[in-house]
1. With the contact rule set at Cα under 8 Å and sequence spacing of 6 or more, what percent relative contact order holds for the chain?
2. Could you sort the peptides 105-113, 141-149 by per-residue average Cβ neighbour count (10 Å cutoff), highest mean leading?
3. How large is the dipole of the range 137-199 about the Cα centre if only Lys and Arg carry +1 and Asp and Glu carry -1, each at its Cβ, rounded to the nearest 20 debye?
4. Report the extension gain between Asp34 and Glu130 in nm, rounded to one decimal, defined as 0.36 nm multiplied by the number of residues separating them, less their alpha carbon distance.
5. Taking the Cα centre as origin and putting +1 on Lys and Arg beta-carbons and -1 on Asp and Glu beta-carbons, what dipole magnitude results for the range 1-103, to the nearest 20 debye?
6. Please get the size of the charge dipole for the range 54-157, origin at its Cα centre, with Cβ charges of +1 on Lys and Arg and -1 on Asp and Glu, quoted in debye to the nearest 20.
7. Among Val171, Ser193, Ser181, flag the residue with its Cα farthest along the positive direction of the charge dipole of the chain, charges on Cβ as +1 for Lys/Arg and -1 for Asp/Glu.
8. What full-extension length gain, to one decimal in nm, is calculated for Ser11 and Arg160 as 0.36 nm per residue of separation minus the Cα-Cα distance?
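No value in this document is a laboratory result; all are computed from the given coordinates. The shown structure was predicted, so the numbers you read here are calculated from the model rather than taken from an experiment. Cβ placement follows ideal geometry from the backbone for every residue including glycine, while neighbour counts extend to all protein chains displayed.
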Amino acid sequence: VQHNLGWAPTSVDGAEARRWYAGFAGDGLYRSDDGGRTWVRAGDLAGHRPLHRIQPHPTDSNVVFLGSARGLHRSDDAGVTWAAWGDLPAGGVRTIDIRPDDPREIWATVDGRGLFRSLDGGRHFERVREFDAQYAAIHPTDRRRIYLVGRSGSHMLVSRDGGGTWEAPRVIPIPGWGRESNRWKTQFNGEFSALLPDP
């Protein structure tokens, strides 16, 4: 699951977002300031392979985060320069979720380490759940609901209280062809699974 295209919420002008970012692993970050009609290469991403996430800041269109095999990075100049950000443990960062109404709250997953939360804009993180996570999806309107999708072999976990308690949901596959007894069809995990909560 890769989310390497994002728009800056503060750039919305009428019916469209003016500023867009697109990241290409091992190449660069490209930026558009006219709703995607034209693009410029803003900065170098040569060392970021694989690239998992491009996440514009919800209240500052010049700030953008990226998650890659090299961890969490931040740019304050619209993608021109990048710096490692925060105190997450070493490992690939696949999830970056910034709370829209309070960008001090940032959630991230680190390969093999679990789910982490920051309450100061990403400078310091605390682990919420140790888990071999592929990524996390936080519900857009009920931020207490968190879906933590495991890597291959680790079934998904769900929290309905902001990470305080967790449970494994039951997955009900379409009947027939032995799907009910097939682990691949009764677990939600791995790089080919995609989950998008309905707002």
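1. On the way: 521 pairs, mean separation 22.8, N = 199.
After rounding, I find 11 percent.
2. Numbers: 105-113: 22.2, 141-149: 17.8.
The packing order, highest mean first, is 105-113, 141-149.
3. Working: 9 positive and 6 negative charges, 17 e Å.
So the dipole magnitude of the range 137-199 works out to roughly 80 debye.
4. Details: separation 96, 0.36 × 96 = 34.56 nm, distance 4.15 nm.
Difference between extended and current length: 30.4 nm.
5. Charge dipole, the range 1-103, about its Cα centre: 400 debye, nearest 20.
6. Details: 14 positive and 14 negative charges, 68 e Å.
Its charge dipole is roughly 320 debye.
7. Working it through, the farthest residue towards the positive pole turns out to be Ser181.
8. Details: separation 149, 0.36 × 149 = 53.64 nm, distance 3.22 nm.
In short, 50.4 nm is gained.
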